[in-house]
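The values are calculated or read from the model by the stated rules, or taken from the named source; none is laboratory data. Here the structure is a predicted model, which is why all the values come from computation and not from measurement. Backbone-built Cβ (ideal geometry, glycine too); neighbour counts: all protein chains shown. These area figures cover heavy atoms from the full protein model, side chains too; ligands, DNA and RNA do not enter into them. Shrake-Rupley method; radii C 1.70, N 1.55, O 1.52, S 1.80 Å.
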Amino acid sequence: SGKEMFGSRGAKRFDGHILDSAIAAIRKFGNLGTPVELFPDADALSGVGFKLSNKVPISEYPTPHNSDLNSCVNIFEFPDVNPPANLYIASMDSYNQDSSQTTSLGCIYIYKRLNSVKGEGTRRVLVAEYLARPTQAFGKHEFYRISALLLQMYNAKCLHENEDHEVTPWFYNQNLEHLLADQPDIIRSIIPGSGVKRTKGIHADKHLIIAAENKIQRYLYEKLGDIVNEEGKITGQKLGVSRIPSLALLQELKEYTSLTNKNFDRVRTLGWLLLFEEEVINLDVKHEDNEDLEDMLVNTGKFYKRKRSFSYQS
């Protein structure tokens, strides 16, 4: 059973000290994001427009009981103009049913990879998140719909946890299957002899979960450089945890254990994201052939008279 599987792994998995420091830094100096509503827009290159939302993104863990689960997308960094293929990747963890008996949330993260074109050697940051459990008539399909718009906005392919058997059919039925990543080859390297035949996404096998945890651990502790004070003295090291702007994710990482009696939707989603990064590590960031792109980037007035990568609506 799940409890037996992880029974010896109930201790908190990640270092609370570095997570506390990251949480404090965000609350004092950080970018808390821009809450937005997404909508289809035929005049945008991505087909997606946005407007500022009056909703409050879910930003605490555990999720407070009075939270509005019909939440909105939270953007920490808007996409590049005409986002190139492979610059942004994503992961998603949905939920299996619309039952009110579970507190699980749908979660999708957008992540900016290394971009050798721009020499951004330490980017690898979360740039957008959507955490919600829509309760309106369309329920879980509303979560899919908004997630699909977010993927289109960033031109991102998504590795989703396919324990939710409705995700893949929904995307196929909407002719959006190209937004979902194929089952990763890394599964066979982590689980030799794996016979899983699903064509899209990743499944929550214990070996994959442990591999994802290890990826998170290395990501949090990756050394990015020295912290220097005003006198030029080194006062510490900047670690990879500083690339996570999501308060709820940091709080959940602090509480995370491998026991199955709690929902750790955000941590699971981050783990799949980092496994997906390994899967696509050799894919180059590719701009679409567009002879006007450079001109458009330096002449924003000219750019906004054309189709936009996304559009803003007040």
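Structure notes:
- Taking Cβ atoms as reference points and 13 Å as the exclusive limit, the residues near PHE76 contribute a net charge of +1, counting Lys and Arg as +1 and Asp and Glu as -1.
- Summing +1 for each Lys or Arg and -1 for each Asp or Glu among the other residues whose beta-carbon sits under 15 angstrom from that of GLY16 gives -1.
- FRET E, pair VAL280, HIS17, Förster distance 30 Å, beta-carbon r, rounded to 0.05: 0.40
- Estimated from the Cβ-Cβ distance and a Förster radius of 22 angstrom, the FRET efficiency linking ARG188 and LYS223 is about 0.10.
- Semi-axes of the equivalent ellipsoid for the stretch 201-250, Cα gyration tensor, largest first, Å: 32, 12, 6
- Amide H contacts under 5 Å for LEU224: LYS238, LEU239, GLY240, restricted to partners 5 or more places along the chain or on a different chain, H placed in the peptide plane at 1.01 Å from N.
- Amide proton proximity set for THR34, modelled H, under 5 Å, gap of 5+: ILE75, PHE76
- 18 Å Cα-Cα threshold exceeded, pairs from LYS157/LYS215; LYS206/LYS262; LYS112/LYS140; LYS112/LYS157: LYS157/LYS215; LYS112/LYS140
- Of all accessible heavy-atom area on the stretch 160-222, the percent that carbon and sulfur account for (1.4 Å): 48 percent
- Normalised per residue, the accessible area of the stretch 132-283 is 45 Å², obtained with a 1.4 Å probe and no contribution from ligands, DNA or RNA.
- Amide H contacts of LYS200: GLN183, each under 5 Å away and 5 or more positions distant or on a separate chain (H built 1.01 Å from N in the peptide plane; Pro and chain starts excluded).
- Taking each residue as 0.36 nm, the span from ILE210 to ASN31 lengthens on full extension beyond its C-alpha to C-alpha distance by 61.4 nm.
- The VAL81 and HIS203 beta-carbon pair, evaluated with R₀ = 45 Å, returns a calculated FRET efficiency of approximately 0.80.
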